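Q: One structure follows; several queries about it will come next.
The values are calculated or read from the model by the stated rules, or taken from the named source; none is laboratory data. Note that the structure is predicted; figures quoted are calculated from it, not measured. So basically every Cβ, Gly included, is an ideal-geometry build from the backbone, and we count neighbours across all protein chains shown.
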Amino acid sequence: MLAAVGLPLAVAATSPLLEWRGPVYIIAGLAGVAALGVLLVQPLLAFDRLPGLRGRVAHRWLGAGLVMLILVHVAGLWITSPPDVIDALTFTSPTPFSAWGVIAMWAAFGAAGLAAVRRRLSPRFFRPAHTALILVVVTGTIVHALLIVGTMGVVTKWALCLLVAAVTLWVVAGRRAWVPLLRRSGRADTPRRQD
């Protein structure tokens, strides 16, 4: 886990492409790399698959941390180049990776918003909706990262993206978040124990 998240961060932090960049840009870029790393850990925490941690509690705190990393990423890019961020947010940017990043950002905000009001929501709604938004976050973030030719090394970037995709799909399949929807329509098999 440390290697999967730490190596891409180390490669990005020591990239020669940062040589002429200012500190705000560097922090913004590293926040984006760190956010991708958080996406590897979050599903494992949600499924209580990291020993020695109170998974659900850590999942909530790290979810808030993910939102903060996204805000730092976008704010830093705004400070260094407002027109590029405006183009990205309005989906008029000529670079395809921008749109994927913005989609992932709004989905992350939506997932965090649902988590914040979870106690007021029915589990039948929350689990499928939260999971669907997370799938958008993961897909958008992976495509966003892979389309960027930047500070992350090719090998470490691909490895981290593949790990994030694999772990997310494994946890989503194991959590069976769609069962409440199927149960409602009467098409669910007998579900396994729900956490």
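Q: Within segment 1-55, track down each residue that is assigned to a loop (DSSP other than H, G, I, E, B) and not small (G, A, S). Quick ask: steps written out before the conclusion?
A: Step one: list which residues in segment 1-55 are assigned to a loop (DSSP other than H, G, I, E, B), which gives 1, 14-15, 19-22, 47-54.
Selection gives M1, T14, E19, W20, R21, F47, D48, R49, L50, P51, L53, R54.
Q: Within segment 113-137, count every residue that is touching a helix residue (DSSP H, G or I) at 6+ places or on another chain (Cβ under 8 Å) and either under 19 Å from L89 (Cα atoms) or of a type in the set (D, E, K, R) (or both).
A: Counting residues in segment 113-137 that are touching a helix residue (DSSP H, G or I) at 6+ places or on another chain (Cβ under 8 Å) and either under 19 Å from L89 (Cα atoms) or of a type in the set (D, E, K, R) (or both) gives 6.
Q: Just name the residue that is farthest from A35 (Cα to Cα) out of those in segment 96-133 that are free of Cβ contacts under 8 Å to residues at least 40 places away in the same chain and among the β-branched types (V, I, T).
A: Taking the candidates together, the pick is V117.
Q: To continue, here is another question. Go over the candidates T141, T90, T131, T156 one by one and state the one that is touching a Lys or Arg at 6+ places or on another chain (Cβ under 8 Å), hydroxyl-bearing (S, T, Y) and either farther than 25 Å from A12 by Cβ or modelled with pLDDT of 90 or more (or both). Break it down stepwise before answering.
A: On the way: T141 fails: touching a Lys or Arg at 6+ places or on another chain (Cβ under 8 Å); T90 fails: touching a Lys or Arg at 6+ places or on another chain (Cβ under 8 Å); T156 fails: touching a Lys or Arg at 6+ places or on another chain (Cβ under 8 Å).
Exactly one residue qualifies, and that residue is T131.
Every residue, every condition in (1) of a type in the set (S, T, Y); (2) more than 16 Å from G153 (Cα to Cα); (3) at pLDDT 95 or above, yes or no:
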{"position": "P8", "(1), (2), (3)": "no, no, no"}
{"position": "P16", "(1), (2), (3)": "no, no, no"}
{"position": "V24", "(1), (2), (3)": "no, yes, yes"}
{"position": "A31", "(1), (2), (3)": "no, no, yes"}
{"position": "G37", "(1), (2), (3)": "no, no, yes"}
{"position": "V41", "(1), (2), (3)": "no, yes, no"}
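Q: Mind checking which residues of segment 22-32 are in contact (Cβ under 8 Å) with a residue 24 or more places away in the chain and over 14 Å from V137 (Cα atoms)? Break it down into steps so the answer makes sense when it comes.
A: Here is the first cut: in segment 22-32, the ones in contact (Cβ under 8 Å) with a residue 24 or more places away in the chain are 22, 24-25, 27-29, 31-32.
G22, V24, Y25, I27, A28, G29, A31 - these are the residues of segment 22-32 that are in contact (Cβ under 8 Å) with a residue 24 or more places away in the chain and over 14 Å from V137 (Cα atoms).
Q: Return a yes/no flag: does segment 26-44 have any residue that is over 16 Å from A145 (Cβ atoms) and surrounded by fewer than 19 Cβ atoms within 10 Å (Cβ to Cβ).
A: yes
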